[in-house]
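Engineer: Dumping the structure here so I can ask a few things about it.
The values are calculated or read from the model by the stated rules, or taken from the named source; none is laboratory data. Quick caveat, the model's predicted, so the values are computed rather than measured. All Cβ positions, glycine included, derive from the backbone under ideal geometry; neighbour counts span all protein chains shown.
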Amino acid sequence: MGIASLSIELQLILIPTILFALTFHEYAHARVAYILGDYTSYYQNRMNLNPFNHLDPFGTFALYFLGFGWAKPVPVNIQNLSNPRKDMMMIAMAGPASNMFLAFAASIIYRLNFFLQINESFIFPLEIFIQINIVLAIFNLIPLNPLDGSRILPLLVKNPNTLYKIELYGPRLLIGLVILNLIGIPILSTLILTPVSIIFYFLTGA
């Protein structure tokens with residue numbers, strides 16, 4: 001069901017790919033928060049690409065055995081931000097944007113390698129790298145708390161009471177979707193993998 005159920009060969013590709021994608025995602029949050037004036041993540045040693053500073057032990061365990069996990073959220077003190085609502089949106093979007101950047105950069109190498117036939121052994125790992133980063137970006141754009149996409153809701157939903165309810169019930173709905181996915185009702189997988197396949201084809205032509 002999780003990474004643990006896969007072959008050793010595939011795990012050797014997936015594990016470093018996922019670790020790097022998650023680490024880069026959290027680093028992007030921390031870096032943008034720092035640029036916008038909040039140094040909390042800097043003082044908590046989150047502005048680096050050391051995976052041990054970003055991974056949540058239980059989230060990593062769940063990812064390996066269940067196929068669903070999480071990293072440690074980057075701490076942000078909104079009192080240090082000049083425009084809290086706008087700045088929090090930018091900080092939140094930095095994570096998915098960083099993964100799309102990685103996917104785009106890897107797709108350039110993929111296309112060059114595909115046309116020039118430099119090394120065929122790079123093709124499959126590059127495909128995995130691109131897919132994982134797109135998946136991470138799309139998943140985090142789902143507008144449910146605590147995912148990054150929930151930070152863009154104030155742009156779309158103006159009613160404070162509605163926003164409060166989405167904020168309150170978002171985690172329960174997300175957990176429910178994950179449980180449904182684990183028992184074979186792939187609503188969450190469909191929501192994620194449909195746009196992932198479209199973006200992957202757009203980037204790679206494959």
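Engineer: Can you name every residue in region 166-206 that is of a type in the set (D, E, K, R) and closer than 19 Å to Met88 by Cβ?
Structural biologist: Within region 166-206, Glu167 is the sole residue that qualifies.
Engineer: Go through Ile152, Ile192 for me and flag whichever is in a helix (DSSP H, G or I) and crowded, with 18+ Cβ neighbours inside 10 Å.
Structural biologist: Ile192
Engineer: Now a separate question. Select from region 80-126 the residues that are aromatic (Phe, Trp, Tyr) and modelled with pLDDT of 90 or more and write down the one among them that is farthest from Ala30 (Cα to Cα).
Structural biologist: Filtering region 80-126 down to residues aromatic (Phe, Trp, Tyr) leaves 101, 104, 110, 114-115, 122, 124.
This time we only want the ones that are modelled with pLDDT of 90 or more, so: 101, 104.
Working: Phe101: 16, Phe104: 21 Å.
This residue is Phe104.
Engineer: Now a separate question. Is it the case that region 70-79 has a residue that's surrounded by 17 or more Cβ atoms within 10 Å (Cβ to Cβ) and assigned to a helix (DSSP H, G or I)?
Structural biologist: No, region 70-79 has no match at all.
Engineer: Would region 107-119 turn up any residue that is closer than 30 Å to Leu153 by Cβ and surrounded by 15 or more Cβ atoms within 10 Å (Cβ to Cβ)?
Structural biologist: yes
Engineer: Just to be sure I understand, how many residues within region 96-137 are closer than 30 Å to Leu173 by Cα, in contact with a Gly (Cβ under 9 Å, 6 or more places away or on another chain) and not small (Gly, Ala, Ser)? Before the answer, list the steps.
Structural biologist: If we filter region 96-137 for residues that are closer than 30 Å to Leu173 by Cα, which is where we start, we get 96-103, 128-137.
Those still in the list that are in contact with a Gly (Cβ under 9 Å, 6 or more places away or on another chain) too: 96, 136-137.
Cutting the leftovers down to not small (Gly, Ala, Ser) gives us 96, 136.
So the answer is 2.
Engineer: Across region 49-67, which residue is farthest from the chain's Cα centre (by Cα) among those that are surrounded by fewer than 18 Cβ atoms within 10 Å (Cβ to Cβ), outside any helix (DSSP H, G or I) and not small (Gly, Ala, Ser)?
Structural biologist: Asn50
Engineer: Related question: Condition first: outside any helix (DSSP H, G or I), over 13 Å from Asn80 (Cα atoms) and more than 19 Å from the chain's Cα centre (by Cα). Now tell me which residues in region 11-48 satisfy that.
Structural biologist: Of everything in region 11-48, those that are outside any helix (DSSP H, G or I), over 13 Å from Asn80 (Cα atoms) and more than 19 Å from the chain's Cα centre (by Cα) turn out to be Gln44, Asn45.
Engineer: Confirm whether Ser82 is among the polar types (S, T, N, Q), under 24 Å from Thr40 (Cβ atoms) and more than 11 Å from the chain's Cα centre (by Cα).
Structural biologist: The answer is yes for Ser82.
Engineer: Any chance you could count how many residues in region 120-144 are outside any helix (DSSP H, G or I) and either surrounded by fewer than 18 Cβ atoms within 10 Å (Cβ to Cβ) or under 12 Å from the mean Cα position of the chain (by Cα) (or both)?
Structural biologist: 3
Engineer: Are any residues in region 74-124 in contact (Cβ under 8 Å) with a residue 12 or more places away in the chain, within 25 Å of Tyr39 (Cα to Cα) and among the charged types (D, E, K, R), and if so, which ones?
Structural biologist: Arg85, Asp87
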